[in-house]
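Heads up: the structure comes next, in structure tokens.
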């Protein structure tokens, strides 16, 4: 019986797909109906996901032979691509997280998108009247399609389907970042949603092209893209890691190394790792539920999921002497620290979270790079809970401040009537929101504590500690210290954000009048806060004092058992007090430093960030994100534009000329033919017939005099002639 | 002495030719009609001569002549009526001017 529930796996992506089609085809004009269809679809998907995931969790013996259900899909000669679904421990864990987070965010969206406050009420009178975003239905259609992409990606049993769902998510990401495509800002340097969507799409495209090359190479060697067939096949992996290929510039590399490197670039693009990280902060131009859903909890972690899936190949590549795992660890650790430093100097509440997402994904890649894929997947799952919580909390704050701003305006105690652009996302416009938005504030603080790895009571502590413990235990000291420094900064910027937003006194009228958000927005926060606190107990090391015995580290064990199937031997990290105490100390000291700077003496209105004074030019560099946007504009965008204008000139100067010349030649040819054939031959024949008829008529007309005597005379002559001819006739 | 058939035939030919000449050359429509009468009578002479010399027992020659007389009389009547009608509308019976067939 228990096995049979897995037969429902293929149904998981369907309800949201049907919801997408139902909305775009039928329900589009009815906004509230559209949101109900979408939420209904995702709830069904959630129930199915949890049924499958929990069934797997309670029957760990399924790890020995994971479930796989496939039907033939694309026959190509001797090879047949199969379309199928598979469930193993990684899938089950992802399903557990994705189904739940999706549902929470869908419910939250029904509240969040009911506030067209950013829109000009004169331009959208209907939206202002009914209190719904003018493209409310479209939003739910897009996120339903996105949910299909994510759930499909998780259950897919082969890389081709994974890639297809991967791209569906990329498309949805583009559509949703640019959802408010008609929005513009008074500051021309601030990126608009339209440009941000394009930037995200094009940047991830760089990674996706390399990813696809990796897939093609893998397919050439394996003749199959099914996960279980490839990654549980030790002989094949061994062969792949021993055969080499000569590349220009790189020399001889093993096929396993090349393929895993190419696929890793796909993950770099999708998970916004250095150097393709630039799109994610700008993706915050999308509606906040989108940031929570796509750009924090699910889609960006698809890159991590992909590398977890590919771990057998990566470890085979490492055994074959390829440095790809070191590269992954380097990129991950570097990004973790690098993004954390940028987050310190951001003033936009969502940008801080965006950089913290990049940083946390860096932790996961660092874990993958040192072989601790179990720690990576657990951190992925827990991060999704608390990061979607933080994002939705920030959305709730933005709503509150926006409402407060409108309230202040309506009652005339604004800045004396002159319209100044007010940024409801700027943390320096907030302050003191704890009393005004208690549910949002407390859940946000729980999420923030989890992100900062507040010791013992938060989920983030256990999952992050596991990564650090692995780095320490396996002797990756550089990775350990980089990540530990990142952990300090994480705690600092998270609590900087919390102190700036929720503590002290309100710095603007808007913050003064901010109301708590509606229940459809606060309840998902509470539900997620539960997981942000207690979700970590699946990852408590067994030999940790007191609590270790209670939790028994079941998820990590399950993953390790699954690893055996794929030939991955991960020794569970022994609990060690040294790294644990170091990371606890760093997290706590980050919080304390944040309190000293922002909590002890809260900032007054219009007071600049004290960090700016202390860090000086460094702060400016961080505020401008190390000028990476400018650098990429200089080395990538501008040459592309130059190239485009060069090709434009080439097009006009050469191609157009050739085309015009061919045209002129044809015109000349046509004119000549017209003269010689049409005018002389065809016209000549036609006119000739006419002329002959005219001449004949002119001659014959002469004998028609109208006088009967003439006719008689002709008759006489004819008879005479005939008579004279008679002798010749006979 | 008997008159041979050829004499009649020569006479009839001469008469026919005179009549035909009249038809072709006269400008007066009445004269043209008179020429037609001469031609008809030349034919009658032939018919009677052939009857008398070749088939004296058969009356068909004489009967044919009577028919020709009858038809000639009718023709003269209709022809003269046409002349009068033409004269009344056009004030002329000059055949050169009556060339409406051309149009």
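What follows is calculated from the coordinates using simple rules that are stated; it is not laboratory data. Quick caveat: nothing in here was measured; it's all calculated off a predicted structure. Don't worry about glycine lacking a Cβ; one is built from the backbone with ideal geometry, like all the others, and counts go over all protein chains shown.
Which stretch or stretches of segment B:24-50 have amide N atoms under 16 Å from the point lying 7 Å from residue B:97's Cα along the Cα→Cβ direction?
It comes to B:27-31, nothing else.
Give me A:728, A:650 sorted ascending by neighbouring Cβ count inside 10 Å, so fewest comes first.
Fewest to most other Cβ atoms nearby, the residues stand as A:728, A:650.
I'd like the FRET efficiency for residue A:657 and residue A:187, computed as 1/(1 + (r/R0)^6) with the beta carbon distance as r and R0 of 41 Å, rounded to 0.05.
The calculated FRET efficiency here is 0.40.
Starting from the Kirkwood Rh over alpha-carbon pairs, what translational D in µm² s⁻¹ does the protein assembly as shown have by Stokes-Einstein at 10 °C and 1.306 mPa s?
47
In whole percent, what relative contact order does segment A:309-365 give with Cα contacts below 8 Å and a gap of six or more residues?
Details: 47 pairs, mean separation 20.0, N = 57.
Worked out over segment A:309-365, it gives 35 percent.
Could you tell me the center-to-center distance, by alpha carbons, between segment A:75-90 and segment A:265-344 in angstrom?
Measuring centre to centre over Cα atoms gives 26 Å.
Quick one: order A:350, A:601 by neighbouring beta-carbon count within 10 Å, fewest to most. Provide the component values of the computation, followed by the final result.
Values: A:350 26, A:601 11.
Fewest-to-most Cβ neighbours within 10 Å comes out as A:601, A:350.
Hey, how many Å between the Cα centroid of segment A:578-647 and the Cα centroid of segment A:496-531?
Here the two parts' Cα centres lie 23 Å apart.
Where does each of A:577, A:462 land when they are ranked from fewest to most other beta-carbon atoms within 10 angstrom?
Final ranking by Cβ density, sparse to dense: A:577, A:462.
Just the Cα atoms of chain B: what Rg and Dmax do they give in Å?
Every Cα atom of chain B included, Rg and Dmax give 17.0, 58 Å.
Using helices alone, I'd like the mean residue ellipticity at 222 nm for chain A: each DSSP H run of four-plus residues gives -39500 (n - 2.57), total over residue count, nearest 500.
Result for chain A: -21500 deg cm²/dmol, rounded to the nearest 500.
Please find the FRET efficiency linking residue A:722 to residue A:680, where r is the Cβ-Cβ separation and R0 is fixed at 60 Å, and quote it to the nearest 0.05.
0.85
Multiplying the sequence separation of residue A:58 and residue A:326 by 0.36 nm and subtracting their Cα-Cα distance, what value in nm do you get?
Values: separation 268, 0.36 × 268 = 96.48 nm, distance 3.55 nm.
Full-extension gain reported as 92.9 nm.
Kirkwood-based Rg over Rh for segment A:204-319 (C-alpha set), two decimals?
Numbers: Rg = 15.7 Å, Rh = 15.1 Å.
Rg/Rh for segment A:204-319 comes to 1.05.
Rg and Dmax of segment A:380-497, Cα atoms, in Å?
Answer for segment A:380-497, Rg first and Dmax second: 18.7, 63 Å.
Compute the acute angle (0 to 90°) between the alpha-carbon long axis of helix A:438-451 and the principal axis of greatest extent of the alpha-carbon atoms of chain A; round to the nearest 10°.
Computed tilt is about 90 degrees.
How far, in nm, would the chain grow between residue A:523 and residue A:637 when pulled straight, counting 0.36 nm per residue and subtracting the alpha carbon separation?
36.7 nm
Give the distance, in whole Å, between the Cα centre of segment A:151-200 and the Cα centre of segment A:6-26.
Going from one Cα centre to the other spans 20 Å.
Measure nothing fancy, just the Cα-based angle from helix A:373-410's long axis to the longest principal axis of chain A, in degrees from 0 to 90, nearest 10.
That helix lies at roughly 80 degrees to the long axis.
Please give the average number of partner chain Cβ atoms lying within 10 Å of the Cβ of each residue in A:702-709, rounded to a whole number.
On the way: counts 0, 0, 4, 4, 7, 8, 8, 9.
The shielding value for this peptide is 5.
Could you work out how far helix A:656-673 tilts from the main Cα principal axis of chain A, as a 0 to 90 degree angle to the nearest 10?
Once rounded, one gets 10 degrees.
If I model a spin label at residue A:650 and residue A:426 as a point 7 Å from the Cα along the Cα→Cβ vector, what separation in nanometres do I get?
4.6
Using 1/(1 + (r/R0)^6) with R0 = 25 angstrom and r between the beta carbons of residue A:582 and residue A:607, what's the FRET efficiency to the nearest 0.05? Each step should come with its number before you reach the end.
Numbers: r = 34 Å, r/R0 = 1.37.
That gives a FRET efficiency of 0.15.
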